[in-house]
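The values are calculated or read from the model by the stated rules, or taken from the named source; none is laboratory data. In this text the structure is predicted, and so the values were computed from the model without any measurement. Note that we place each Cβ from the backbone using ideal geometry, even for glycine, and neighbour counts take in every protein chain shown.
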Amino acid sequence: MDEVEAPEYFICPISLHIMKDPVTIITGITYDRESIEQWLYKGKNTTCPVTKRALPEHSVLTPNHMLQKLIQAWCDTSSYHSAPAPKSPLDTVHLHSHIRELSIPNLQLKSLRKLEILAVESEMNRQSMVKFGVDKVMLAFVVSCYEKNNTAGLEEALSILNIIRFPSAETRLLFFETECIVNALTWVLGCDLDNNVTIKSHAVLVLKAIIEKASSNILERLKPELFVTIVGVLRQSISHQGINGVLHIMLAARPWGRNRIKIVEAGAVMELVELVLGSPEKRTTELVLGVLFHLCSCAEGRAQFLSHAAGIAVVTKRILKVSQATDDRAILILALICKFSGTSGVLQEMLRVGSVAKLLMVLQADCPSYLKDRAREILRGHSDVWRSSCCVNGYYLTRYPS
């Protein structure tokens, strides 16, 4: 017998199969739950596959019960095989059983791995786990590992926290809880672990999520050891995502208290220059120069920046090579150096490594007017020093008298 052709609106636009569990997203398009979850959460896509419209960060998947009934009725009355039943929501009794097993030492690892599998399986499971408070249970487990100096199960617990996208909108941490967790994650990042890259990348991303949501009271009391530890992480071979996580932590923490000085004293400036020297990907370069700009806003940061033989050169080299955001931060760094640390030696070095020539190129390039204004201001401020140099065309500098 010929196979019966299913109605077009029963077919998932992604899998091109009959939908098992139809859900509708904000654009009004209906997909099979499993397919759209893979598109959004595993593929990390941010647009609707059909309309190409941008989707919110945490897109709501609304079950289309009417369509589910129509599909089932059609399958029952046609010669087509029955539609597979959608996966049922995670059983809270089952979930509670796994969590209870965490208190039994010889079952801990097995339980954590089961929870990790459930989290990976579907967005529905992840939402159920968040509602059940699995995120807080995992945080408590990490703190317990810290207090006992025991690393068994850390990888799984931190992985679960990242998979369920901690912290959720429902997560509320008390002051002392946040402080304990930050201390525990600092310990994790300082440990010598077997699966170093994976565990530390997970830990950095959890720490980033906490720091970005923490209150000013917490951020003002961050310990110098935290910054020493995350700067140390930059020296290690961790994932690009982990490196970017460290940079986000620095950006989120630096406005509060003495954090900017603590970051500088931890040796961050030297490591950041070394990181840019390695020609990282575009987003990492933008973040590094963003952090360097803020650190160069204080005298200690500028001193450390200038003590690196390649500091001015590497920032100059990135101008007009990466992105507008990179140009913005790089020119701001040079402006700070010229304004507050513009000694004769520094100005001569800017000539030698091509900073002045690059600023003149900015004026000729297709750049936003505000970037040209910043470049013009730097040139105008020191044109009397640079005008006589054979390294640049003096004609151009005569247009920017001091």
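Below are the figures for this structure:
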{"quantity": "Criterion: at pLDDT below 90, farther than 24 Å from Asn64 by Cβ and either assigned by TED's automatic domain parsing to the domain that holds Lys208 or surrounded by fewer than 19 Cβ atoms within 10 Å (Cβ to Cβ) (or both) - qualifying residue of Ala119, Ala157", "calculated": "Ala119"}
{"quantity": "Qualifying position, being polar (S, T, N, Q), over 19 Å from the mean Cα position of the chain (by Cα) and not assigned by TED's automatic domain parsing to the domain that holds Glu37, among Ser128, Ser201", "calculated": "Ser128"}
{"quantity": "Pairs with Cβ under 9 Å, 6+ apart, first in the range 47-72 and touching a residue at least 24 places away in the same chain (Cβ under 8 Å), second basic (Lys, Arg) and surrounded by 10 or more Cβ atoms within 10 Å (Cβ to Cβ)", "calculated": "His58/Arg165; Leu61/Arg33; Pro63/Arg33; Gln68/Lys20; Ile71/Lys20"}
{"quantity": "So Tyr41, is it in the same structural domain as Pro56 (by TED's automatic domain parsing) and in contact (Cβ under 8 Å) with a residue 60 or more places away in the chain", "calculated": "yes"}
{"quantity": "Residue tally, condition part of a strand (DSSP E or B) and modelled with pLDDT under 85, over the range 1-53", "calculated": "0"}
{"quantity": "Verdict on Glu300 being more than 28 Å from the chain's Cα centre (by Cα) and surrounded by fewer than 21 Cβ atoms within 10 Å (Cβ to Cβ)", "calculated": "no"}
{"quantity": "Sole exception among (1) in a helix (DSSP H, G or I); (2) free of Cβ contacts under 8 Å to residues at least 40 places away in the same chain; (3) not β-branched (Val, Ile, Thr) for Leu161, by number", "calculated": "(2)"}
{"quantity": "Qualifying residue in the range 179-187 (condition: among the charged types (D, E, K, R), part of a helix (DSSP H, G or I) and surrounded by fewer than 21 Cβ atoms within 10 Å (Cβ to Cβ))", "calculated": "yes"}
{"quantity": "Residue ID - nearest to Met138 (Cα to Cα), chosen from residues in the range 203-241 that are touching an Asp or Glu at 6+ places or on another chain (Cβ under 7 Å) and at pLDDT below 95", "calculated": "Ile218"}
{"quantity": "Where Phe166 falls short, out of the listed (1) crowded, with 19+ Cβ neighbours inside 10 Å; (2) part of a helix (DSSP H, G or I); (3) touching an Asp or Glu at 6+ places or on another chain (Cβ under 9 Å)", "calculated": "(2)"}
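For every residue, the table says whether it meets (1) assigned to a helix (DSSP H, G or I); (2) in contact (Cβ under 8 Å) with a residue 12 or more places away in the chain; (3) surrounded by fewer than 17 Cβ atoms within 10 Å (Cβ to Cβ).
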{"residue": "Ala313", "(1), (2), (3)": "yes, yes, no"}
{"residue": "Leu320", "(1), (2), (3)": "no, yes, no"}
{"residue": "Ile331", "(1), (2), (3)": "yes, yes, no"}
{"residue": "Phe340", "(1), (2), (3)": "yes, yes, yes"}
